[in-house]
Every structure is written in C-alpha cells, then in structure tokens.
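What follows is a short report on a single structure.
Nothing in this text is a laboratory measurement; each read-out follows from the coordinates by a stated rule. What you see is a predicted model; the values in this text were computed from it and never measured. Cβ: placed from backbone, ideal geometry, glycine included. Neighbour counts: every protein chain shown.
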Amino acid sequence: MHSLQGKNIIGCAHTGSGKTACFALPVLQKLAKDPYGIFALVITPTRELAYQINEQFKTFSGQNLNLRTSVITGGVNMMLQASELNDIPHVVVGTPGRLVHQLKHDQFSFKEYLSNL
C-alpha cells in the first residue's frame with residue numbers, strides 16, 4: 001500500500017518471499033500510466049542481487065511496457081554504464097559505490113526527477 005502511494009519502503013524477509021514483487025509491481029503499475037524518465041532507483045548491496053532484481057523487473061513488465069532498465073555496478077565499464085544512463089532508463093538498479101561514483105562524475109543526475117516529488 002505504501003509503495004502505491006509513492007512512499008519509500010524497506011523490506012526484510014526470507015529469500016523467495018516476494019520482496020522484489022512488493023516494490024516492483026507498484027513501480028510498474030505507475031510506470032504504465034506515465035512512462036517518462038527515470039522512475040525508480042533500486043539500491044542493493046551486491047552486484048549479483050542487482051542483476052537478479054533487474055531480471056525480475058523485466059519478467060514482471062512483460063513485453064507491452066517496453067521497460068528500459070540499467071544495472072549500475074562495479075566490474076563493468078563505466079562509460080558503457082554512463083551511456084545507458086544517458087538513454088534515461090525507467091528503472092536503475094545499482095550498488096551504492098558505483099552509483100555514487102557515477103553521480104560524482106556527473107554521468108547522470110536525479111535533479112530534474114526529484115522536482116516532481
């Protein structure tokens with residue numbers, strides 16, 4: 001319910017309990033109504049989890065939504081990631097360290113999206 005109202009949420013539960021669906025489905029529901037710009041930022045502690053969450057978003061969105069996502073983690077070429085961010089994905093999934101690095105080097109900014117909150 002909180003996520004449907006646009007509020008931030010934090011979830012903690014066992015593996016396989018549906019945590020990703022709890023935040024991804026409301027994001028996708030709202031995105032289906034207004035598919036403009038970076039819509040969600042998911043911060044996760046590991047690169048493996050970032051890729052898993054990204055795949056879940058793609059699975060839940062189906063083919064009709066044309067969801068654009070970007071995974072921003074260490075171990076990947078930063079210029080490639082910057083290029084993905086310049087394409088303005090709907091959902092960015094990343095690890096804290098790499099997200100901060102991209103922000104510090106002005107590869108992308110949330111300023112224009114934060115003004116809508």
Averaging the inverse of every distinct alpha carbon separation and then flipping it gives the Kirkwood radius. What is it for the range 49-111, in angstrom units? 12.1 Å
Square roots of five times the C-alpha gyration tensor eigenvalues of the chain, ordered largest first and given in whole Å, equal 21, 17, 14
Result row for the chain, helices from DSSP H with C-alpha axial extent 15 Å or more and mean Kyte hydropathy at least 0.0, is 19-33
Under unit Cβ charges (Lys, Arg +1; Asp, Glu -1), what dipole magnitude, rounded to 20 debye, does the chain have relative to its Cα centre? 220 debye
Kindly count the pairs of lysines across the chain whose alpha carbons are less than 27 Å apart, treating pairs on different chains or eight or more residues apart as eligible. 14
Farthest toward the dipole's positive end in the range 16-83, which of TYR36, GLN56, THR46, given Cβ charges of +1 (Lys, Arg) and -1 (Asp, Glu) about the Cα centre? TYR36
Neighbourhood net charge (15 Å Cβ-Cβ; Lys/Arg +1, Asp/Glu -1) for GLU55: +3
Just want to confirm a number: the relative contact order over the range 46-104, from Cα pairs under 8 angstrom separated by 6+ residues, in percent. 41 percent
For the chain the mean separation of alpha carbon contacts under 8 Å (6+ apart) over residue count, i.e. relative contact order in percent, is 27 percent
